[in-house]
1. Please give me, ordered by residue number, the trypsin sites (Lys or Arg not before Pro) of region 146-255 that lie in loop per DSSP and have at most 13 other Cβ atoms within 10 Å.
2. Pairs of alpha-carbon atoms within less than 8 angstrom and 6+ residues apart define the contacts here; what relative contact order does region 98-147 have, in percent?
3. With everything on Cα atoms, drop me the angle between helix 2-21 and the longest principal axis of the chain, reported from 0 to 90° to the nearest 10.
4. Name the residues whose placed amide hydrogens come within less than 5 Å of the amide hydrogen of residue 245, ignoring near sequence neighbours (fewer than 5 apart) on the same chain.
5. If you rank 68, 106, 147 by fewest surrounding Cβ atoms within 10 Å, what's the result?
6. How high is the relative contact order of region 65-254, in percent, counting Cα pairs under 8 Å that sit 6 or more residues apart?
7. Which value at 222 nm does the chain reach when only helices count, each DSSP H run of 4 or more adding -39,500 (n - 2.57), with the total divided by all residues and rounded to the nearest 500 deg cm²/dmol?
8. Once amide H atoms are built 1.01 Å from N in the peptide plane, which residues 5 or more positions from residue 129, or in another chain, come under 5 Å H to H?
Amino acid sequence: MRIASALFVVVLAVPVVAWAAQDHPVGYKDTPFLPDGKWRVHDIDRPAPPVITPGDGTAPPSDAVVLFDGKSLAAWKSGDKDAAWTLVDGAMEVNGTGSLETRESFGDLQLHLEWASPAKVEAESQGRGNSGVFLMGRYEIQVLDSFENRTYSDGSAASLYGQKPPLVNACRKPGEWQTYDIFFKAPRFDGEKLATPGVVTVVHNGVVVQNAEPFLGATQHRALATYAAHPATGPIVLQDHGNPVRYRNVWVRKL
């Protein structure tokens, strides 16, 4: 039994020693091509990903476009006028001067923002902390105080308004800061015909509430959403719905 055991140990040790002695090349030129036909598996000539500095939970990643840093509304406008929302405690607050839209346009994106509904509850259903985030100025992720507030499900916080309720209600109490992390693949058109719909994933307060969900079309109220051909990029819009909702730490990455 001792001899067999010793032999067994030697056999196991051989591949370990051989693996440790192998070189680790940075790539190959003799592997199969991937489906796109451009790069091989482990292709030595495939460019390395660009290096960025990731965010730390407060600062955005180094390749982000900062849309609001708590100090300036310069990245935004309201129609043909400068943005005029109120700046308060490092946030921008809806004040009845109209919705804001970014001066820059975006297509596929990663969007981060934080929002807070009013701490004092003065209404119910759609009257509580109502606002919205419109991607390309057309496709809305609803902002609403949905904490112990019943409304139509496809109009609750983090819903694709009028189309798809969130998987769960992850809303915090009124007045508390909440986070949206939105990952959006814009729709594609072949001429006037829709080729692929817009698709979005939404993470609300760290919880996935929309998982690669397709938009049915541009957001409508009390009507079925439909698509109409439009440019490949569009502005991000924050809605003025009459409630003093606050936003802060808004940044976007082009994908």
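1. Qualifying residues, ordered by number: 150, 222.
2. 28 percent
3. 60 degrees
4. Amide H neighbours of residue 245, under 5 Å, 5+ apart: 94.
5. 147, 106, 68
6. 32 percent
7. The helix contribution divided over the chain gives -2500 deg cm²/dmol.
8. Hits under the 5 Å cutoff: 145.
Quick note: the coordinates plus some simple rules give every number you see, no bench work behind them. From a predicted model like this one, the values you see are computed outputs, not experimental measurements. When we count neighbours, we look across all protein chains shown, and the Cβ atoms used for this are built from the backbone with ideal geometry, even at glycine.
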